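Remarks on the structure that follows.
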Amino acid sequence: MTDLLTAVVLGIIQGVTEWLPISSQGNVMAAAQFMGASASEAFSYAVVLHIGTLIAAIVYFWKEIIQLAKLQDKQLLKFLAIAVVFTGLTALPSYLFIKTLLEQETIQILGLTIFPQTIFLFLIGILLLATGALQQKKKFAAKTSLSNKNAVALGLGQGFTVLPGLSRSGTTASILLFEKFSPEQAFRISFLLSIPSVLIGELAFKAAEAPIIDANMMIGIMIAAVIGFASIHALLKIAKRINFALFCYALAIFYIIIGFVSLAAPFIA
């Protein structure tokens, strides 16, 4: 059974970081491992807690969802549908890579015996650097059309964010910014896209795995939902003024340092 403190802390982290251009999954996994979870348990926690922020997005964007359901914005509906389809093309191989890595008790690299947790720390750090680079180069503009080409690029980019450390919202928003969308447009479309994408991902994960959902984790999900809802509005308001690149870089350095400490620990002991 999940420890209550672990569930609460991870729920807070998920709610705060899901909409920021930093990886909620990477940070939840890192925090879970710091609190004693295995790499596979940490991955399960990170996936399950997305249910909370999924609920937050559905509640926040309920008017837009109703409009889409009534086919009142066919252009946006088509755009999101194409993006979701192309997400699968990169999400599946990314997930299989992570799953293979998680199944290994230890991994031999250059003659060194390394635990998967250490690999993930470095992976999180490297991918946070990538997210920071994307954020630093973002361009602000306005765009009114939603092209199929934009949707394909958005979907392919989102699929790679299955990798822990690569921010879904940061990656998708950055792709949209590169494609001349305004910051507010980019984040709003990114958040709307998260609803069908996360829903399909959760159903697929439940079908393929045995997710850790107990009473304490349900509390974590509720916490993630409440905090996630509160953070959406704030981020949409400040999207034009804040660049998260430096924050991503700082976190990346932190995780890489911890990775080296973890790598050196057996020799020090």
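The values are calculated or read from the model by the stated rules, or taken from the named source; none is laboratory data. Note that this is a predicted model, so its numbers are computed, not measured. As a convention, Cβ positions derive from the backbone with ideal geometry for all residues, glycine included, and neighbour counts pool all protein chains shown.
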**Request:** Run Gly36 past the list (1) more than 14 Å from Met222 (Cα to Cα); (2) among the small types (Gly, Ala, Ser); (3) buried (at least 24 other Cβ atoms within 10 Å of the Cβ) and report the number of the one that doesn't hold.
**Result:** (3)
**Request:** Answer yes or no: is there a residue in the stretch 76-83 that is buried (at least 22 other Cβ atoms within 10 Å of the Cβ) and in contact with a Cys (Cβ under 6 Å, 6 or more places away or on another chain).
**Result:** no
**Message:** As an exercise: evaluate Ala208 against (1) farther than 24 Å from Ile126 by Cα; (2) in contact (Cβ under 8 Å) with a residue 24 or more places away in the chain; (3) surrounded by fewer than 20 Cβ atoms within 10 Å (Cβ to Cβ); (4) not charged (D, E, K, R) and give the number of the one condition it does not meet.
**Reply:** (2)
**Failed criterion for Thr17 (all others in (1) over 21 Å from Phe160 (Cβ atoms); (2) of a type in the set (Val, Ile, Thr); (3) surrounded by 20 or more Cβ atoms within 10 Å (Cβ to Cβ) hold)** = (1)
**Request:** Spot the failing condition for Tyr249; the list is (1) modelled with pLDDT of 75 or more; (2) surrounded by fewer than 19 Cβ atoms within 10 Å (Cβ to Cβ); (3) not in a helix (DSSP H, G or I), and only one is missed.
**Result:** (3)
**Request:** Being at pLDDT below 80 and basic (Lys, Arg) is the filter here, so list the residues in the stretch 174-196 that pass it.
**Result:** Lys180
**Scope the stretch 197-230; condition in a helix (DSSP H, G or I) and either acidic (Asp, Glu) or touching a Cys at 6+ places or on another chain (Cβ under 9 Å) (or both); matching residues** = Glu202
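For the stretch 34-151, give me every one of the helices (runs of 4 or more DSSP H) that falls completely inside it and has 2 or more residues that are under 19 Å from Ser24 (Cβ atoms) and at pLDDT 85 or above.
Fully inside the stretch 34-151 and qualifying: 39-48, 50-60, 74-102.
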**Request:** List every residue pair whose Cβ atoms sit under 6 Å apart, with the two residues 6 or more apart in sequence or on different chains, where the first one lies in the stretch 1-26 and is under 18 Å from Val198 (Cα atoms) and the second, anywhere, is among the charged types (D, E, K, R) and surrounded by 24 or more Cβ atoms within 10 Å (Cβ to Cβ).
**Result:** Ser24/Glu18
**Asked** Among the residues of the stretch 212-232, how many are loosely packed, with under 15 Cβ neighbours inside 10 Å and under 18 Å from the mean Cα position of the chain (by Cα)?
**Response** 1
